[in-house]
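Read the figures in this text as sums done on the coordinates, not as results from a lab. A quick note: this is a predicted structure, and the numbers were derived from the prediction, not measured. Glycine also receives a Cβ, built like all others from the backbone with ideal geometry; neighbour counts cover every protein chain displayed.
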Amino acid sequence: MAKTVEELRAEYATKEKILEVKDLVIKFSLRGDVLTAIREASLDLYKGESLCIVGESGSGKSVLTKSFMGMLDANGWVESGSILYEGQDLAKYKTEREWLRIRGKEIAMVFQDPMTALNPLRTVGRQIQEAVELHQGLRGRPAKEAVYELLEQVGIDDPVRRYKQYPFEFSGGMRQRVVIAIALACKPKILICDEPTTALDVSIQAQILELLTQMQKAYNLTLIYITHDLGVVAHVADRVAVMYAGEIVEVGLAEEIFYNPKHPYTINLLSSLPQLGVKGQDLFAIRGTPPSLFKEIQGDAFAPRNPMALKIDFLHRPPYFEVSPTHKAKTWLLDPRAPKVELPEAIRLLQSKWGDDVVADA
Amino acid sequence: MLRYIVQRFFQSLLTLFVVVTVVFILMRFMPIEGFFGPNYDKLDPEQQQAILRSMGLLDPLHIQLKNFYLQLLRGDLGTSTIFRPNVPVWEIIAPKIPYSLFLGWASLTLSITIGFTLGVFMARYKSTFLDRLGTLYIVIINAVPSAVYYLFLQLYGKDLLNLPMLFDPDNPKSWILPIISMALGGIAGNAMWMRRYMVDELNKDYIRLARAKGMRNSAIMFKHVMRNAMIPMVHGIPTSILLVMVGSLYIESLYSIPGMGGLLIQAIQRQDTPLVQALVLIFSAFSIFGLFMGDLLMAALDPRIKLGAKEGSR
Ligand SMILES: Nc1ncnc2c1ncn2[C@@H]1O[C@H](COP(=O)(O)OP(=O)(O)OP(=O)(O)O)[C@@H](O)[C@H]1O
Ligand SMILES: [Mg+2]
């Protein structure tokens, strides 16, 4: 069934927040220097939705989501800000004991590379069973049965035989299914998928994606999906958050982001999509490199690479401007005083399709 | 699995064969005096030649080699020339084996248990005081010539702990110092590698997944990291055995232990070629046996070998 954007907005107005990130700052110390990987990022996650996080390499997608599980590398820490989950501020968690209440039980993760995500010397079944034992309170025979069931659920046939096999006896796609089974065994409320299909063949990518959407329904999961692939985004996302240099620069319903992008970075990102290329014109590419995270960033982090940057972009950091109740972006372009700028042709074409007649697949 | 074992077994046999040959050739480079009895000085050249001929030492090399193999196959290691003239070498060596075996076994056990444990703790508490202390120990053991700390231990063991300076089979207290001395190097080596392998494992991706699913660090250490690090460690056990044997050469002389190590030193000093030859063969056989055992243990621990996986199979 297809829903209009208005209907989706109305739906979101009644949805409950499950996770609230507020002005989160995450730093790392690296050879005596300190770098700021996450710069006052704010993000809300709603129960049951699929949120895609996009942004170029190094923008902080993994770091941000790892901080929800206390899985930052040892040289990193939360400097300020909060991560609210069920009345608790995860940003204040320090000890392993505290994090064990969250990891797996509340939030689980699927990683990018299934070839290395499993212990090569332990049977696949045992590795799933560890999660079953930790989070479902089962032991022995019943735990094993639960593993068989999980294996079947994620599409692995002959679970009794597969239980006893080692990861090297599984293909990449099958291993990713095992990793997903491990995540499901934890019975989490939130599932973070950090580029779960990047390392796989294209044909397998679709299968894994399909499996994840199925499992989301079956387990009532809230999904955070990190990806570079805007095709994947179009396929799975209810909402999209766009990251740039450690900030969430724009967030909105998938339709809002795709058809009505507001932040120059989002606009540039979409313009560089081959699918959107205008016939006879060179494919668009974002020029320049992201800013150094070691230095304090003045104004809008994207300004130096932005051909339509305003003067103020170099001086002051833009706040969020609301485009709709579900759509906001951190750019001075949305300030009422901002001059009108010429958008790339591809985006104008997109925007011309934008309106209340745009419908989303549900 | 069976194929792997059979393969390794024949490889070991082949190695043994090569070693036997090399030992034989090396022994032909030893001073010729080693083949005569105590009266070497009194023999004139003709008599010497006669003795050599009677021992088959003037035959062409390949005939000698063939005879040597046949002799070994019969279990005949030759007779001593100087040490105890005309006594079969085996009779000299046999009573010494239990001492060497016992002391070697004890120190090997010590070096593995303590070394592995130390390594585990150093990895678990990496970059803390404990880790630094362990590293200091490893550095010292590796930097100081072993003969120096052997002596050091012998002297201070006596002065401070009142432990016997010489070995006495009937007094277990006198076994302590030689066993510890022999184990020190192995402990350092095992601890160093164990720490290293565990730290390697800790940086692997699957540890992240194990944490993400909510396992405690201690459980991860125990069920994943330690077990995986054991595989390369097991591979190193033959080296430990070798180290212990090398140590025993000096330690057995130092503490007057009536074992094979001390015997080898004496045999070399007194140029008893058949005795040296037999001892070198026995030591080699032990090492090859150790290597073989290491391979078997590997196979038992590593499913990729157990199931005959091809590297990189998906
Ligand atoms: N342990 C660390 N020490 C120092 N810097 C780090 C560490 N981990 C991440 N960073 C830095 O934080 C920034 C964000 O990294 P992150 O891995 O979150 O990027 P990403 O958006 O996930 O990129 P990709 O798409 O390549 O996965 C990068 O500049 C990275 O160099
Ligand atoms: Mg990443």
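Here are the numbers for the structure shown:
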{"quantity": "Segment A:252-274 and segment A:175-218: distance between their alpha carbon centers, rounded to Å", "calculated": "26 Å"}
{"quantity": "Cα principal axis extents for chain A, largest first, Å", "calculated": "69, 49, 40"}
{"quantity": "Cα-Cα P(r), segment A:57-140, percent of pairs per 5 Å interval", "calculated": "3, 11, 19, 21, 18, 14, 9, 3, 1"}
{"quantity": "Assigned charges on the beta-carbon of Lys, Arg, Asp, Glu; chain B dipole about Cα centre (debye)", "calculated": "1880 debye"}
{"quantity": "For residues of A:113-120, the mean tally of beta carbons on other chains within 10 Å", "calculated": "5"}
{"quantity": "Distance (nanometres) between label positions extended 7 Å along Cα→Cβ at residue B:128 and residue A:31", "calculated": "2.9 nm"}
{"quantity": "Choice from B:48, B:266, B:277 showing the highest fluctuation, given a GNM over chain B with Cα pairs closer than 10 Å", "calculated": "B:48"}
{"quantity": "Contour excess over end-to-end distance, with Cα ends at residue A:210 and residue A:228 and 0.36 nm allotted per residue", "calculated": "4.7 nm"}
{"quantity": "Partner lysines for residue B:96 [C-alpha distance under 22 Å; skip if fewer than 8 residues away on the same chain]", "calculated": "B:173"}
{"quantity": "In nm, spacing of pseudo-spin labels at residue B:55 and residue B:27 (7 Å Cα→C-beta vector)", "calculated": "0.9 nm"}
{"quantity": "Rough spin-label spacing in nm, given labels placed 7 Å along Cα→Cβ, for residue B:71 and residue A:345", "calculated": "9.6 nm"}
{"quantity": "Computed FRET value (nearest 0.05) for residue B:218 with residue A:198, which takes r as the C-beta separation and R₀ as 35 Å", "calculated": "0.60"}
{"quantity": "Cβ-based net charge around residue B:60, under 14 Å, with every Lys or Arg adding one and every Asp or Glu removing one", "calculated": "+2"}
{"quantity": "Beta bridge orientation in chain A: antiparallel %, DSSP, nearest 5", "calculated": "65 percent"}
{"quantity": "Shielding by other protein chains, B:199-207, mean Cβ within 10 Å", "calculated": "3"}
{"quantity": "Residue B:158-residue B:84 FRET efficiency (beta carbon distance; Förster radius 30 Å; 0.05 resolution)", "calculated": "0.40"}
{"quantity": "Options A:172, A:219, A:129, ranked by Cα towards positive dipole end of chain A, top entry (Cβ charges)", "calculated": "A:129"}
{"quantity": "Sites residue A:316 and residue A:17 - FRET efficiency at Förster radius 22 Å, r taken between beta-carbons, to 0.05", "calculated": "0.15"}
{"quantity": "Compactness of the protein assembly as shown - radius of gyration and Dmax, Cα, Å", "calculated": "35.8, 120"}
{"quantity": "Leading residue at positive end of dipole, segment B:2-92 (Cβ point charges), from B:92, B:18, B:49", "calculated": "B:18"}
{"quantity": "Relative contact order (%) - criterion: Cα under 8 Å, at least six apart; region: chain A", "calculated": "20 percent"}
{"quantity": "Listed residues A:122, A:317, A:177, most fluctuating in chain A (Gaussian network, C-alpha, under 10 Å)", "calculated": "A:122"}
{"quantity": "Check: the protein assembly as shown dipole with +1 on Lys, Arg Cβ and -1 on Asp, Glu Cβ, in debye", "calculated": "940 debye"}
{"quantity": "Contact order relative to length of chain B, as percent, for alpha carbon pairs under 8 angstrom and 6 or more apart", "calculated": "27 percent"}
{"quantity": "Relative contact order %, segment B:2-92, counting alpha carbon pairs below 8 Å whose residues are six or more apart", "calculated": "24 percent"}
{"quantity": "Charge dipole (debye, nearest 20) of segment B:2-92; +1 at Cβ of Lys and Arg, -1 at Cβ of Asp and Glu", "calculated": "540 debye"}
{"quantity": "10 Å Cβ neighbours from other chains, averaged over peptide B:4-15", "calculated": "0"}
{"quantity": "Unit charges at the beta carbon, dipole of the protein assembly as shown: most positive-side option, B:247, B:117, A:257", "calculated": "B:247"}
{"quantity": "Candidates A:241, A:254, A:199: whichever shows maximal mean-square fluctuation once chain A is modelled as a Gaussian network with Cα springs under 10 Å", "calculated": "A:199"}
{"quantity": "Those trypsin sites (Lys or Arg not before Pro) in segment B:1-92 that DSSP places in a loop and that have at most 12 other beta carbons within 10 Å", "calculated": "B:74"}
{"quantity": "Estimated translational D of segment A:1-144 in µm²/s (Stokes, Kirkwood radius over Cα pairs; 25 °C; 0.890 mPa s)", "calculated": "138 µm²/s"}
{"quantity": "Kyte-Doolittle at least 1.6, axis length at least 24 Å by Cα - qualifying DSSP helices, chain B", "calculated": "B:273-301"}
